[in-house]
Amino acid sequence: MDILAFCRKRSIPTDGFRIRQIVDWHAKQTDQSKVLLSIELPHNFPEKYEKTIRKAVDNCLVARLGKGLHENSFKSSISRPD
């Protein structure tokens, strides 16, 4: 499940989400490639869903493709604004 589907299923507004994807791609040495998915939750995101959205992020298409490169190729971070 992706983040948008997760929020829609629970009627959580998506305004204020910040999603950044950084790809360090090495075509000749894919074992050196890395994908970072950084998500900033909005202030009004319900705390009770934080663990669950982490699972959704780790199972999203970007994560599955990134993890398919090699064992340590995908990392995600989820934060809230200060």
Checklist entry - Any idea which residue in the range 54-82 is surrounded by the most Cβ atoms within 10 Å (Cβ to Cβ), counting only those that are out of contact with any strand residue (DSSP E or B) (no Cβ under 7 Å at 6 or more places or on another chain) and in a helix (DSSP H, G or I)? => result Ala56
Next on the checklist: Would you confirm, using the coordinates I've provided, whether Lys34 is in contact (Cβ under 8 Å) with a residue 12 or more places away in the chain and among the charged types (D, E, K, R)?
Outcome noted: yes
Next on the checklist: Within the range 42-72, take every residue that is touching a residue at least 40 places away in the same chain (Cβ under 8 Å) and in contact with an Asp or Glu (Cβ under 8 Å, 6 or more places away or on another chain) and give me the one that is farthest from Phe17 (Cα to Cα).
Outcome noted: His70
Next on the checklist: at pLDDT 90 or above and out of contact with any Lys or Arg (no Cβ under 8 Å at 6 or more places or on another chain): which single residue out of Ile12, Ile39, Ile3, Ile78 fits that description?
Outcome noted: Ile12
Item to check | Matching residues in the range 30-42 - criterion: being within 17 Å of Arg10 (Cβ to Cβ) and either exposed (fewer than 13 other Cβ atoms within 10 Å of the Cβ) or β-branched (Val, Ile, Thr) (or both) | outcome: Ile39
Checklist entry - In the range 13-29, is there at least one residue being touching a helix residue (DSSP H, G or I) at 6+ places or on another chain (Cβ under 9 Å), surrounded by 15 or more Cβ atoms within 10 Å (Cβ to Cβ) and of a type in the set (D, E, K, R)? => result no
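The values are calculated or read from the model by the stated rules, or taken from the named source; none is laboratory data. From a predicted model like this one, the values you see are computed outputs, not experimental measurements. FYI the Cβ positions are ideal-geometry reconstructions off the backbone, even for glycines, and counts take in every protein chain you see.
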